[in-house]
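One structure below.
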Amino acid sequence: MPGLTIGDTIPDLELDTTHGRIRIHDYVGNGYAIVFSHPADFTPVCTTEMAAMAGYAAKFENRGVKLLGISCDDVNSHKEWIKDIEAYKPGCRVTFPIAADPKKEVIKQLNMVDPDEKDQNGQNLPSRTLHLVGPDKKVKVSFLYPAPVGRNTDEVLRVVDSIQKASQHRVATPANWKAGDAVVILPSVSNEEVQKLFPGGFEVKDLPSGKDYLRFTKV
Ligand code: BEZ
């Protein structure tokens with residue numbers, strides 16, 4: 001069973017959070033949301049990751065992306081933990097909700113279980129999972145990282161930029177792309193359409209095959 005993956009509709013769960021009860025679909029609304037899990041409150045990597053996301057909150061907001069953290073501890077624990085997170089990175093504010101999941105049911109439904117990490121009762125803890133959810137409530141991207149590997153917030157932002165670019169134009173982003181770089185035109189765009197869709201011009205890479213499929217443009 002692969003569990004929740006790209007293309008799936010995220011379950012419309014009602015969650016207990018530091019901002020009260022939240023239904024996931026209402027929270028996503030007509031924009032994007034990043035739903036991301038952490039193994040536990042008051043743990044070192046999680047504290048640095050949470051502070052990093054808090055420090056980037058304005059960048060996500062500018063892109064129409066809401067943040068929703070999940071850790072299995074309860075809401076009171078999260079509220080205490082937020083004090084540590086904000087102290088660790090002075091100036092950062094955790095303005096987004098953090099959901100609780102003491103029964104560890106939400107993490108199962110959101111495919112956020114780490115098979116190698118267990119709590120003192122032998123129950124599985126969450127992995128460092130991150131789902132980027134689109135306005136259609138479908139998962140656009142998922143990261144599945146184990147507990148020892150903290151996520152790279154710049155990469156999360158880069159992926160948001162890539163997904164949003166691809167949703168606005170018939171393009172994809174090549175290896176190591178970053179915002180402002182050239183993008184590639186989708187193979188489904190014919191050479192007749194390309195002139196109309198990309199009036200600013202495009203460049204075809206000359207390849208040994210003689211096939212003209214690697215077309216770069218700026219959008
Ligand atoms: C951490 O956040 O540092 C962590 C949590 C669980 C397992 C390993 C590391």
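Brief remarks on what is shown
- Kirkwood radius, region 50-93, all distinct C-alpha pairs, inverse of mean reciprocal distance: 11.2 Å.
- Region 72-157 has equivalent-ellipsoid semi-axes of 21, 20, 14 Å, by the square roots of 5 times the alpha carbon gyration tensor eigenvalues, sorted largest first.
- Backbone phi angles across region 13-30, fed through the Karplus curve with coefficients 6.51, -1.76 and 1.60 (θ = phi - 60°), yield HN-Hα couplings of 7, 9, 10, 8, 9, 5, 10, x, 6, 9, 9, 4, 5, 4, 5, 5, x, 9 Hz in residue order; Gly and Pro are listed as x.
- Largest GNM mean-square fluctuation across L13, L144, L67, computed for the chain with C-alpha springs under 10 Å, falls on L13.
- Rh by Kirkwood over Cα pairs, then Stokes-Einstein D for region 69-219 at 1.567 mPa s and 4 °C, µm²/s: 69
- Overall form of region 17-77 per C-alpha gyration tensor (a/c, 1.5; a/b vs b/c): oblate
- Most fluctuating residue given options V184, V75, V159, as computed from a GNM of the chain linking Cα atoms under 10 Å: V184
- Choice from C72, C46, C92 with maximal GNM fluctuation in the chain (Cα, 10 Å cutoff): C92
- Measuring nothing but protein heavy atoms, the accessible surface of the chain at 1.4 Å probe radius is 51 percent carbon and sulfur.
- Efficiency of FRET between V219 and E14 - r from beta-carbon atoms, R0 35 angstrom, step 0.05: 0.35
- Sites matching trypsin sites (Lys or Arg not before Pro) across region 177-219 that sit in DSSP coil, with at most 12 neighbouring C-beta atoms within 10 Å: K178, K205, K211
- Beta bridges assigned by DSSP with both partners in the chain are antiparallel in approximately 70 percent of cases.
- What the chain shows is 52 Å² of accessible area per residue, with the surface traced by a 1.4 Å probe over protein heavy atoms.
- Working note: Karplus 6.51/-1.76/1.60 with θ = phi - 60° gives region 107-116 the couplings 5, 5, 5, 9, 6, 10, 8, 9, x, 9 Hz, where Gly and Pro are set to x.
The values are calculated or read from the model by the stated rules, or taken from the named source; none is laboratory data. In this text, all values refer to a predicted model and were calculated from it rather than measured experimentally. All Cβ positions, even for glycine, are placed from backbone atoms using ideal geometry, and neighbour counts span all protein chains on display. Please note that ligands, DNA and RNA were not included when accessible areas were found on the heavy atoms of the full protein model with its side chains. Shrake-Rupley method; radii C 1.70, N 1.55, O 1.52, S 1.80 Å.
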